[in-house]
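Peer 1: First the structure, which I've put down as structure tokens, then a few questions once you've had a look.
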Amino acid sequence: MSKPEDYKGQTPAWCMGCGNFGILNAFKNAVVELGIEPHQFTIVSGIGQAGKFPHYLKCNTFNGLHGRTLPVATGIRLANHEMLTIAVAGDGDCYGEGGNHLMHAMRRNINVKLFVHDNQIYGLTKGQASPTSPEGMITKNQPFGVFSEQFNPMAFAVALDCSFAARGFAGDMEHLKGLIKAAINHKGFSLVDILQPCVTFNKINTYEWYRQRVYRIEPEYNPEDRAAAFKRALEWGDRIPIGVIYKNNRQTLEDRIPVIKDAPLVRQPLDKAKLNITLKEFY
């Protein structure tokens, strides 16, 4: 059986105290406990501090453009739906540049696991406001404060009937590990929004700020009750719930496509005659 150190990649270049370290450790422990070997999964990332995540792991990786994590992950799943496909992104990368792709990934219900490193700021580009920055927050680019209303990923997910929507906290690694395992085991698109401090550029949402507010959702809560989930998703401020907010058992995109029912595309023989006919249509 593999150990967490078996997944070690490059030495992380994150700031000391960055919430990404907690996410990285929770992820390693989750895949170890699930018995998933490095060659059995692919991580896709974009640009940003979260985009460095697969560099620090031993696994199949693809590092692409800002906000374009989910289209690549979708392509990988359609080419080989036997490969566990994980997407990682920051709040700016996913909810800003990649917001359109997020919406349609939820609609399609592609079986991709999306872990968003949500520090409520653009960390790589030195502290601009992101979609999840609170209204009124003063940054280098917003000296008069953020004018836009704060984006709520959980409410967005419930409204779009996302197959699995959860929120974690990088400062509670044991709980986060459980959410990562639950997301991986769920059949369907899974979003885990992970609250994490940016110790350099976000001096508001610190570890202490989160610890005073986050609480684990009670065991008797029913995440399949959509109305209750939407109400829970709207909680923010003095009390912030962490755990599985909502889930359902919708049919996945992969299950709807007949040509990959018997075998992944990568295992199917290539019919050159049909390919040539198709190519001629474009020339």
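The values are calculated or read from the model by the stated rules, or taken from the named source; none is laboratory data. Note that this is a predicted model, so its numbers are computed, not measured. When we count neighbours, we look across all protein chains shown, and the Cβ atoms used for this are built from the backbone with ideal geometry, even at glycine.
Peer 1: Within the stretch 99-114, is there a residue that is in a strand (DSSP E or B), under 24 Å from residue 173 (Cα atoms) and more than 13 Å from the chain's Cα centre (by Cα)? Walk me through how you get there before you give the answer.
Peer 2: Restricting attention to the stretch 99-114, the residues satisfying the condition of being in a strand (DSSP E or B) are 113-114.
Pick out the ones that are also under 24 Å from residue 173 (Cα atoms) and you get 113-114.
From what is left, the residues that are more than 13 Å from the chain's Cα centre (by Cα) are none.
Scanning the stretch 99-114, I find no residue that is in a strand (DSSP E or B), under 24 Å from residue 173 (Cα atoms) and more than 13 Å from the chain's Cα centre (by Cα), so the answer is no.
Peer 1: Residues in the stretch 51-72: is at least one among the small types (Gly, Ala, Ser) and at pLDDT 95 or above? Reasoning before the result, please.
Peer 2: Residues of the stretch 51-72 that are among the small types (Gly, Ala, Ser), as a first pass: 51, 64, 67.
Now restrict to residues that are at pLDDT 95 or above: none.
No, the conditions are met nowhere in the stretch 51-72.
Peer 1: Go through (1) closer than 19 Å to residue 264 by Cα; (2) surrounded by fewer than 22 Cβ atoms within 10 Å (Cβ to Cβ); (3) modelled with pLDDT of 95 or more; (4) not small (Gly, Ala, Ser) for residue 39 and report which single condition fails.
Peer 2: Every listed condition holds for residue 39 apart from (3).
Peer 1: So which of 70, 78 is in contact with a helix residue (DSSP H, G or I) (Cβ under 6 Å, 6 or more places away or on another chain) and over 20 Å from residue 198 (Cα atoms)?
Peer 2: Working: 78 fails: in contact with a helix residue (DSSP H, G or I) (Cβ under 6 Å, 6 or more places away or on another chain).
One residue alone meets the criteria, 70.
Peer 1: Now for a separate question. Among the listed residues 129, 105, identify the single one that is surrounded by 21 or more Cβ atoms within 10 Å (Cβ to Cβ), out of contact with any helix residue (DSSP H, G or I) (no Cβ under 8 Å at 6 or more places or on another chain) and not polar (S, T, N, Q).
Peer 2: Details: 105 fails: out of contact with any helix residue (DSSP H, G or I) (no Cβ under 8 Å at 6 or more places or on another chain).
That would be 129, the only listed residue that is surrounded by 21 or more Cβ atoms within 10 Å (Cβ to Cβ), out of contact with any helix residue (DSSP H, G or I) (no Cβ under 8 Å at 6 or more places or on another chain) and not polar (S, T, N, Q).
Peer 1: If you go through the stretch 228-251 one residue at a time, do you hit one that is at positive phi, outside any helix (DSSP H, G or I) and of a type outside the set (D, E, K, R)?
Peer 2: Residues of the stretch 228-251 at positive phi: 237, 243.
Next, only the ones that are outside any helix (DSSP H, G or I) stay: 237, 243.
Restricting the remaining residues to those that are of a type outside the set (D, E, K, R) gives 237, 243.
For the stretch 228-251, residues at positive phi, outside any helix (DSSP H, G or I) and of a type outside the set (D, E, K, R): present.
Peer 1: Being within 16 Å of residue 106 (Cα to Cα) and either touching a helix residue (DSSP H, G or I) at 6+ places or on another chain (Cβ under 6 Å) or surrounded by fewer than 17 Cβ atoms within 10 Å (Cβ to Cβ) (or both) is the filter here, so list the residues in the stretch 81-91 that pass it.
Peer 2: Passing the criteria: 85, 87, 88, 89.
Peer 1: Moving to a separate point now. Out of the stretch 32-62, which residues are of a type in the set (A, V, I, L, M) and touching a residue at least 60 places away in the same chain (Cβ under 8 Å)? Break it down into steps so the answer makes sense when it comes.
Peer 2: Start the filter on the stretch 32-62 by keeping residues that are of a type in the set (A, V, I, L, M), which leaves 32, 34, 36, 43-44, 47, 50, 57.
Hits for the stretch 32-62 are 34, 36, 47, 50.
Peer 1: Please work out which one of (1) under 19 Å from residue 194 (Cα atoms); (2) out of contact with any Lys or Arg (no Cβ under 9 Å at 6 or more places or on another chain); (3) of a type in the set (Lys, Arg) is the condition residue 28 fails and give its number.
Peer 2: Failing condition for residue 28: (2).
Peer 1: So which of 22, 48 is of a type outside the set (D, E, K, R), within 24 Å of residue 95 (Cβ to Cβ), in contact with a Leu (Cβ under 9 Å, 6 or more places away or on another chain) and in a loop (DSSP other than H, G, I, E, B)? Show your work before the answer.
Peer 2: Numbers: 22 fails: in a loop (DSSP other than H, G, I, E, B).
From the options 22, 48, the qualifying one is 48.
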